[in-house]
Each structure stands twice: as C-alpha cells, then as structure tokens.
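To start, the structure itself, in structure tokens.
The values are calculated or read from the model by the stated rules, or taken from the named source; none is laboratory data. Please read all numbers here as calculations on a predicted model, not as lab measurements. Neighbour counts run over all protein chains shown; Cβ positions are idealised from the backbone, glycine included. When the accessible area is computed, the model is the full protein with side chains, heavy atoms only, and any ligands, DNA or RNA have been set aside. Shrake-Rupley method; radii C 1.70, N 1.55, O 1.52, S 1.80 Å.
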Amino acid sequence: MLKSPTVTKWDVYSDAIKIGLPSLFTLLTAFFIFRATRSHEREKERQRRRQDALEKVSDDFQAACSTLSDLAIKYSVYRESQTESQTDPEDGIAFKALWESGGENDAAIKDLHRIRGRLNLLRLEECEQAFTVFLNETIAFRKTLKVPPEPMATKEMVRQGFDKVQACQLAVERSLADAFNSLSS
C-alpha cells in the first residue's frame, strides 16, 4: 500500500508564506495604485471646476465691461444731442437709451460685486486686488455719468474716467490670464 506523506506544521506555514506573501504584495500594490489614481482624479476635477469658475468670472466681467462701454457711448450721444438741439433734457430717443443703459449698468455693477466674491473664494489675491481697483474706478466713473445727467459731465471728464476704467480693465484681464495659465501648468 501507498503510504501518505505526513504534512507537518512547518510545511503548512511554508506553503502559506509562498502563496500568501505574493498575494499580500499584490493587494498592497493595487491599494496604493488605486489611491494614487483617485487622488489624481480628484485633482483633475478640482482643476476643472476652478477653470469653469474662472471662465464664468471672465464671461461676467466682459459682459459688465461691455455694458459700461455702452453707457459711456450713450451718454456721449445724449450729451451731443443736447448741445446741438437745446431741447428738453428728458425728450428724445437719446435720453431713453441713456436711461435704459444706466439701469443696465447699475445691474452690471451689482454683478461686479458678485465677481469679486467669486475671486475671493477662488483665493486669487492678485486678481482680486486688480479687480477691486477696477470696481472702484467703475463706480467713480458711473457717478460721473449721472442719469439724469444734471449737471452733465464734460467730454473730457468722460474720456479721462473711461481711460482709467480701461486701464484697470486691462490689468484685470492680465491677472485673469495669469490665473488661467497657472491652471494649465
């Protein structure tokens, strides 16, 4: 008859180490790879959300700048129509367009305050500083362009105020561009 070999305790331990140790290393390797991949995905998602927020800020900023430009143009048209015709200040198409543009601009300035809050949440200090200067210049310029325009701002006052706002606008655009560049690097 065949005699069955006897299995000792040490044989069992030896087999367990031969099978279990590589399995344990495989399990640990898979765990660390999963963790690294998950961390990388989280970072990509954070970057994507940050970029989306910056794009929203940029779009809202450009819309507000466009509204301010529109107000300056309509104010100048109204001023020119008043100096040429000496009619009642509240008559005519130019006054109506100016009045509507003034309301749109006031809404845009409210949006600018929201943009500043978003920049603060994104912790973009340079952008926020440049934007705060822009916001202050915009508010000062808006005060120059009173609706109804009594007393009316001079052509030189409008030009100087608008030039200051445009210089601040360029500074904000540069800081937003730098923030976008920092996301991609």
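Observations on the model:
- In segment 57-95, the residues that are assigned to a helix (DSSP H, G or I), at pLDDT below 75 and exposed (fewer than 15 other Cβ atoms within 10 Å of the Cβ): T83, E84, S85, I93
- Residues located in segment 25-42, provided they are of a type outside the set (S, T, N, Q) and either touching a strand residue (DSSP E or B) at 6+ places or on another chain (Cβ under 6 Å) or open to solvent by 80 Å² or more (accessible area, probe 1.4 Å) (or both): F25, L27, F31, F32, I33, F34, R35, R38, H40, E41, R42
- Counted residues, segment 104-147 - those being out of contact with any Gly (no Cβ under 9 Å at 6 or more places or on another chain), open to solvent by less than 50 Å² (accessible area, probe 1.4 Å) and in a loop (DSSP other than H, G, I, E, B): 2
- Filtered residue count, segment 1-17, keeping only those that are in a helix (DSSP H, G or I) and either exposed (fewer than 10 other Cβ atoms within 10 Å of the Cβ) or touching a Gly at 6+ places or on another chain (Cβ under 7 Å) (or both): 2
- Scanning segment 170-184 for residues that are open to solvent by 60 Å² or more (accessible area, probe 1.4 Å) and either within 17 Å of R118 (Cβ to Cβ) or in contact with a helix residue (DSSP H, G or I) (Cβ under 8 Å, 6 or more places away or on another chain) (or both), we see that the one that is modelled with the lowest pLDDT is S182.
- Listed by first and then second residue, the pairs with beta-carbon distance under 8 Å, at least 6 apart or on different chains, first residue in segment 164-185 and touching a residue at least 40 places away in the same chain (Cβ under 8 Å), second among the aliphatic types (A, V, I, L, M) and open to solvent by 40 Å² or more (accessible area, probe 1.4 Å), are A171/V133.
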